[in-house]
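Reading through the structure tokens given below for one structure.
FYI, it's all coordinate maths here, none of it is from the lab. Worth saying up front: this structure is predicted, and the values here are computed from it rather than measured. When we count neighbours, we look across all protein chains shown, and the Cβ atoms used for this are built from the backbone with ideal geometry, even at glycine.
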Amino acid sequence: MSKHARSSGLPVDGVEVATAEGWTFPARNPTTGEVLWDVPDAGVPDARAAVAAARRAYDETTWSTDTELRREALSRLQDALLERSDDLALLIAAETGVPVGLRAAHVDAPIAGMRGEPGPPPVQPPGVTAVVTPSTSPLAVAVAEIGRVLVAGGTVVLKPAPETASAALELGRIALDILPRGVLNVLTTRDVDVAIALTLDPRVDDVSFTGSAVAGERVREAAERAGKRVRLEVGGPQAVTVADEDDLAAVVSAAAVAVAANAGQACHVPASVVVPAHRLHEALDAAVAAMSDVVVGDPTEPATVCGPLRSPVARDRVLRYLDLARSEGGDVVLGGQRLDRSGWWVAPTVVGGLSRQSRLVREEVLGPVLAVIAAGPNS
């Protein structure tokens, strides 16, 4: 990893700094539940310092105006991330359970796409952007948003979800040797007040939020009241509708594998399929066959498709949704239980017998659960 990887500070203003209060929290391996290491637990004073660094880098250096400087720095950063991509894939597997077999989407593609050519000056100066990233994407969203802001001449304060702290810290530590001071600053924290402080700080121009629709709406309202520009990318349940003439087995199987990959922890995956009523049993059979073939196991093994849930909270949330589905008349035809092993696991699951009005269908479960629904007036 980077030469800074063993230290415990926050990458802020071009160096690693201890948190103001000296707090840390444990990063845990979701495969086993064991503690991996401690990471810095920033507070509001650390957020203010990070914003100050980003503001200085934007206002008092040539970063925002020197396109050649940005082009060269982003090229070097991309090269450094490519060089460390194997380590980054293993890091997110250890910290969040993302299988290394899925690294193309979670590591390789984001890095490949991060460097753009600086264009003409934007209509609105990019300024300082607070980037808030989700637990379902330990690296990809951060890399994409950092690349988008930096290529335009802006500076960044990155606040990842607590479960993805180590990946964000490593990204920031790699950048310490490449980017000018204050251009990229990373805050890892469990304190919700830090996100609020970033959203309300008058020195922050933009807020980029990726996560749940409920949290996104709160961020939007707060940021707009504070006069910020807001960029939201929120999740939500996705359904696939199968017409009678479609290849039902192929569509259902593809949906099952997609929602099982990374234990369903992704936005915009098809968590339910709506099929012609007279083909419901055929669809359930196809879903069970596809889910049964999904390789569940150690996320560091290349063959693994479905790893653990990222935290005990995430696992228990999925199990509560399955209990709710049963109470709504759902028929769990495969899986539906936690796996009997260390860590935070839920078996790949297929549920029938629900309508589109079911909460399992209408809400984002973020687990390896596929609902198969019969089309009709009550669906």
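Data table
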{"read-out": "Highest-fluctuation residue, G352, G113, G307 considered, GNM on the chain with Cα pairs under 10 Å", "value": "G113"}
{"read-out": "For the range 281-318 versus the range 335-379, the gap between their alpha-carbon centres in whole angstrom", "value": "12 Å"}
{"read-out": "Antiparallel DSSP beta bridges within the range 10-234, as percent of all bridges there, nearest 5", "value": "30 percent"}
{"read-out": "Calculated over the range 227-272: convex hull of Cα atoms, volume per residue (Å³)", "value": "89 Å³"}
{"read-out": "Using θ = phi - 60° and Karplus 6.51 cos²θ - 1.76 cosθ + 1.60, couplings along the range 131-147 (whole Hz; Gly, Pro as x)", "value": "10, 10, 10, x, 6, 7, 9, x, 9, 4, 5, 4, 4, 5, 6, 4, x"}
{"read-out": "Selected from V151, V273, V240 as most flexible by GNM, with the chain as the system and alpha-carbon contacts under 10 Å", "value": "V240"}
{"read-out": "Sequence-distant residues sharing a close amide H with A27 (under 5 Å, placed H)", "value": "L36, W37, D38, V39"}
{"read-out": "DSSP beta bridges in the chain [antiparallel fraction, %, rounded to 5]", "value": "30 percent"}
{"read-out": "Note, ³J(HN,Hα) from phi for the range 89-94, Karplus 6.51, -1.76, 1.60, rounded to Hz, x at Gly and Pro", "value": "5, 5, 5, 6, 5, 5"}
{"read-out": "15 Å beta-carbon shell around E224, net charge (K/R +1, D/E -1)", "value": "+1"}
{"read-out": "Theoretical ellipticity at 222 nm over the chain - DSSP helices of four or more residues, -39500 (n - 2.57) apiece, nearest 500", "value": "-11500 deg cm²/dmol"}
{"read-out": "Equivalent-ellipsoid semi-axes of the range 302-361, from the Cα gyration tensor, Å, largest first", "value": "22, 13, 10"}
{"read-out": "(1) 70, 42, 38; (2) 71, 56, 51; (3) 67, 43, 34, with the label sought being that of the calculated Cα extents along the principal axes in Å", "value": "(3)"}
{"read-out": "For the range 267-377, alpha-carbon Rg over 2.2 N^0.38 Å", "value": "1.05"}
{"read-out": "Whole-Hz ³J(HN,Hα) from phi, Karplus 6.51 cos²θ - 1.76 cosθ + 1.60, for the range 177-188, glycine and proline x", "value": "7, 10, 7, x, 4, x, 5, 10, 10, 10, 10, 9"}
{"read-out": "Cβ-based net charge around P237, under 12 Å, with every Lys or Arg adding one and every Asp or Glu removing one", "value": "+1"}
{"read-out": "Selected from T129, T300, T96 as most flexible by GNM, with the chain as the system and alpha-carbon contacts under 10 Å", "value": "T300"}
